[in-house]
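Inspection log for the structure reproduced underneath, given as structure tokens.
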Amino acid sequence: MFKHTMKVATTPARSPHFGNTRRSSRSQQYAKAVVPDIIDDDIETTHTYPETTVDRASFVSPKSKRRVTEFQYRVYDACRQVPLGHYSTYKAISDHLGSGPRAVGNALAKNPFCPLPIPCHRILTTDCYIGGFSGDTKSKIFFKKAKLEKEGLAFDESGFLNESMQQSRFFSEFK
């Protein structure tokens, strides 16, 4: 098994990824999203999370009907560290794990433990765009936005986290 241990500090102030945005295309994507009739803003439902190796090996996700992989558990273990009222990024988690942001996003899209104990709604793109939620970028992003707003974060009309929160609410202290 490959285990990458390099950790890179990814913060909005120091990461080159935060300055390299595709803001206009993201704004267009957000503008085309369809607001659903009912918004799921639940941030309290807690699912049982397998903690032991034995429990993890036998757990089958009700979402995908497959076993959760070791990599997915590593992503979920990192994600569960992001505190209420804060956010992190796919890139920050991938830097911590020594993987790629898309792999992290794919794992979170399959998260069967949302909203708690694995608050995947707290993970944004590196340019602080709302990103997808539950594998969807067309309508469920409004669920993600509602959950984050309920936790105290605020977004502009294009789906980007307000600049005043980008530094103070960023979490990257993964263990």
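Filtered by the rule that a residue be open to solvent by less than 70 Å² (accessible area, probe 1.4 Å), basic (Lys, Arg) and in contact with a strand residue (DSSP E or B) (Cβ under 8 Å, 6 or more places away or on another chain), the stretch 44-81 gives no residues.
Cβ-Cβ contacts under 9 Å between residues 6 or more apart (or on different chains), taken from a first residue in the stretch 34-54 that is over 19 Å from Pro117 (Cα atoms) to a second residue that is basic (Lys, Arg) and open to solvent by 100 Å² or more (accessible area, probe 1.4 Å), are listed as Val34/Lys138.
Regarding Lys150, is this residue at pLDDT 95 or above and farther than 24 Å from Val60 by Cβ?
Considered against the rule, which asks whether it is at pLDDT 95 or above and farther than 24 Å from Val60 by Cβ, Lys150 comes out as yes.
For the stretch 135-175, the set of residues classified as touching a Cys at 6+ places or on another chain (Cβ under 7 Å) and closer than 19 Å to Gly105 by Cβ consists of Phe160, Leu161, listed by residue number. Checked against (1) under 14 Å from the mean Cα position of the chain (by Cα); (2) open to solvent by 40 Å² or more (accessible area, probe 1.4 Å), Gln167 passes all but condition (1).
Scanning the stretch 87-105 for residues that are open to solvent by 30 Å² or more (accessible area, probe 1.4 Å) and either touching a strand residue (DSSP E or B) at 6+ places or on another chain (Cβ under 8 Å) or among the acidic types (Asp, Glu) (or both) yields a total of 2. Scanning the stretch 119-145 for residues that are open to solvent by 30 Å² or more (accessible area, probe 1.4 Å), closer than 15 Å to Tyr90 by Cβ and touching a Pro at 6+ places or on another chain (Cβ under 9 Å) turns up just one, Thr126.
Only one entry of Leu148, Leu84, Leu108 meets the criterion of being under 16 Å from Asp42 (Cβ atoms) and surrounded by 23 or more Cβ atoms within 10 Å (Cβ to Cβ), and that entry is Leu148.
The values are calculated or read from the model by the stated rules, or taken from the named source; none is laboratory data. These figures come from a predicted structure and were not determined experimentally. Virtual Cβ from ideal backbone geometry, glycine too; neighbours counted across all protein chains shown. Note: areas computed on protein heavy atoms with side chains; ligands, DNA, RNA excluded. Shrake-Rupley method; radii C 1.70, N 1.55, O 1.52, S 1.80 Å.
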